[in-house]
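In what follows, a single structure is set out as structure tokens and then discussed.
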Amino acid sequence: MRAPESAKVRSLAGRANPLRDARDRRLPRVPEPCALVVFGVTGDLARKKLLPAIYDLANRGLLPANFVLLGFARRDWGHGDFEDLAKQAAKDHARTPWREATWSRLAGNVRFVPGSFDDDDAFDRLADALHELSDSHGIQGNAAFYLSVPPAAFPTVLKQMQRTRMADNEASGGWRRVVVEKPFGHDLHSARELNELVDSVFTPDDVFRIDHYLGKETVQNILALRFANMLFEPVWNSNCVDSVQITMAEDVGIGTRAGFYDETGAARDVLQNHLFQLLALTAMEEPVEFSAEAIQIEKLKVLRAVKPPADMQRYAVRGQYDQGWLAGERAAGYRQEKDVPADSTTETYAAVRLSVETRRWAGVPFYLRTGKRLPRRVTEIALSFRCAPHLPFTATDTAELGHNQLVIRVQPDEGVTLKFGSKVPGSTMEVRDVAMDFLYGESFTESSPEAYERLVLDVLIGDATLFPRNGEVEASWLVVDPLEEFWADQQPAMYRAGEWGPKEADDMLASDGRRWRRP
């Protein structure tokens, strides 16, 4: 028996408005016919992340039949050489199982154009190749350009695309998009220059600034956790939250990145982008709808409300790792790493207390920290709640009781932990902290896609939800630049490899009557 219409309407109360939803978001999203052009296709990023991500998307049936992968690099290669590189990269680094049939379908659509970034003839050949592919492979003039190149090469590549009109939607007869890797400048001035340059070549809506952290499932789950549940949102504010800690710890050193890292440092490399994006998702207000524009508006409001500490001597700490023991092995200090100057003052650790000056978060400190050569690799967001205003227990009953906490683990062991007090079994009243864990790997049978897998697909579809816009980048630099100016003439505090950072970082929280959470 069919339910009356009024009953159907009532059954939808509290759920998404079916009239607003343009499509069922549970259905697979497949792009239009298109090409992906990867500049710097022989580099580590392309080999370890981008090419495997393309294979994984093809393996999951998420690429259109008319899809072309076009590589551009300074190599004297023919078509077969690039195909061999792409195949080996997919075999070595793909997330999904190897299927020869999948690769055979993809290999027929792999192309390569050799040349350097200052070679006009090479870019002319690339433009001609895209034009020919529109006819031979039916890509309909649609192409995305991935700048997997050093930031210094951005202007040259962008101006070549402007000269050849490869960035022109009207001239191509389809859409043209560009993906820009971080860092987005090294300060506010350079970020604005880069934004102006990119926007002079591509329309702003066609620019995708990629931050791979935003492609992680647990980062996206912040929005679901907050806005799909009634349980958390009522306490997600200064009335209930005592403080927020956002941590990105790495147990590795700088590897072969000395040339880049010594000019950049931890604050510019991680704080300005990854951690500020996590802060924005944690502190933002509910968007009016789950769309790129609505989410970006709310994130930008938060980033514009973030203020650096007034007392930087007390609340801004930078450190550098020295020799120590990590995982039972002797680890070299930063200044002993290959190609690092012996007198380098570059920070490998940064910790700062920030405020978000909105009604929701007034008075709540946000503690952000990142570092290398720390005891373990972990990224997490920890909300520590205020203590209950009245405890009808004796002091000994609750001696082992701490703050309630909600911890979102971004990596590894992706999931959420809720810590709260519970009575210890027995004849006496004793309350201790216990934890409830949600683990992605145990709750879902399907493994999470890699971050680049999700983000490349979003670029080809044109979904900018997970990509920072100009304003977000510039608002972040407005906070980081004063920190860099304050640190410019200071020596970093030293910490041994295998420790959780310098003592000064612990002192920073101790001065507030708090301490860092040990993941």
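All of the numbers you see were taken from the coordinates with simple rules; none came from a lab. Quick caveat: nothing in here was measured; it's all calculated off a predicted structure. Ideal geometry is used to build each Cβ from the backbone, glycine not excepted, and the neighbour counts take in all protein chains shown.
Placing R0 at 22 angstrom, the Cβ-Cβ distance between residue 437 and residue 298 gives a FRET efficiency of 0.15 after rounding to 0.05. Reducing segment 230-285 and segment 307-374 to their Cα centroids gives an inter-centroid distance of 12 Å. Rounded to the nearest 0.05, what FRET efficiency do residue 193 and residue 60 give with R0 = 35 Å and r taken as the Cβ-Cβ distance? Could you check? According to the calculation, E is roughly 0.35. Put a plus charge on the Cβ of each Lys and Arg, a minus charge on the Cβ of each Asp and Glu, and nothing anywhere else: the dipole of the chain about its Cα centre is then about 1540 debye. Could you work out how far the C-alpha centroid of segment 155-202 sits from that of segment 123-147, in angstrom? One Cα centre to the other: 17 Å.
Candidate membrane-span-like segments in the chain, meaning DSSP H helices with Cα atoms spread over at least 18 Å of their own axis and a Kyte-Doolittle mean of -1.0 or above, are 120-136, 188-201, 292-305, 470-487, with no membrane implied. When the chain is described by a simple charge dipole with +1 on each Lys and Arg Cβ and -1 on each Asp and Glu Cβ, the residue from 184, 62, 145 located farthest towards its positive end is 62.
Taking label positions 7 Å along the Cα-Cβ direction at both residue 239 and residue 420, the computed distance is 1.8 nm, reported to one decimal.
Nearest 5 percent is fine: what portion of the DSSP beta bridges confined to the chain is antiparallel?
Close to 55 percent.
Each residue, residue 288 and residue 345, gets one label point 7 Å from its Cα in the Cβ direction; the gap between the two is 4.9 nm. Taking 0.36 nm per residue of sequence separation and removing the Cα-Cα distance, the residue 159/residue 512 pair yields an extension gain of 122.0 nm. By the equivalent-ellipsoid construction on the alpha carbon gyration tensor, segment 77-164 comes out with semi-axes of 26, 17, 12 Å, ordered largest to smallest. Charge dipole of segment 34-181 (Cα centre as origin; +1 on each Lys and Arg Cβ, -1 on each Asp and Glu Cβ, all else neutral): 620 debye, rounded to the nearest 20.
Placing a label point 7 Å from the Cα of residue 263 along the Cα-to-Cβ direction, none of the residues of segment 93-136 has a backbone N under 16 Å of that point. Only Cα sites of the chain enter the Debye sum here, all with the same form factor; the resulting log10 I(q)/I(0) across q = 0.08, 0.11, 0.13, 0.14 1/Å is -0.58, -1.06, -1.39, -1.53, listed in q order. This ranking places 166, 429 by how few other beta-carbon atoms lie within 10 Å of each, fewest first, which gives 429, 166. Modelled label positions at residue 128 and residue 327, each set 7 Å beyond Cα in the direction of Cβ, lie 5.0 nm from each other. Summary value for segment 190-318: 18 percent relative contact order, contacts being C-alpha pairs under 8 angstrom separated by 6+ residues.
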